[in-house]
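So the structure is just underneath, and the comments pick up after that.
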Amino acid sequence: MAKQSMSEIIAAYNNLAQELGVDQVDSFKNLQAARAALQSLESNTMTEQVDPTEVEETTGAPGLDTPSNSGPKYNSSGKRGPTQGIGAFCKGLIADGKTNAEILAAVAENFPTAKTTANCVAYYRAKMALAAKAVAEEVAEEVEA
């Protein structure tokens with residue numbers, strides 16, 4: 001597959017997608033994305049197909065909604081949790097009071113291909129603190145008014 005052109009990969013993807021009843025595509029962002037999508041489809045043919053109505057819905061970290069971008073284009077549940085990004089996962093654990101080390105361990109367990117570092121978790125923690133401070137200031141202004 002490493003020597004295939006973009007048009008060859010798209011043709012192979014669409015042939016396999018038609019067999020599996022998956023939406024066909026016209027293009028991919030780049031060759032790497034095309035190869036990954038084709039590999040994902042090929043691995044789906046080797047595993048048992050599950051009826052989506054039989055899958056139990058999960059919300060991920062407590063208190064967080066599932067993003068609206070949960071269509072087939074964004075489905076990467078083979079690589080990570082179902083439609084939940086690492087950021088949302090980390091923020092949920094931060095809200096639960098976990099330490100950075102505990103969060104990193106949980107990310108490594110739930111997202112094996114993630115390249116999340118301690119700096120990433122610190123960023124999420126700081127961003128949440130700034131958001132909480134902004135909300136507190138907004139509430140204080142409303143109380144004063």
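Please treat every number below as a calculation from the coordinates, not as lab data. Since the model is a prediction, treat every value here as computed from it, not as a measurement. Cβ placement follows ideal geometry from the backbone for every residue including glycine, while neighbour counts extend to all protein chains displayed.
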Label-point gap, in nm, between Val143 and Gln18 - each point 7 angstrom along Cα→Cβ: 6.6
Gain upon complete extension [Asp96, Ala11; 0.36 nm per residue less C-alpha separation]: 26.0 nm
Likely footprinting exposure, Lys3, Lys91, Lys127, fewest C-beta neighbours within 10 Å first: Lys3, Lys127, Lys91
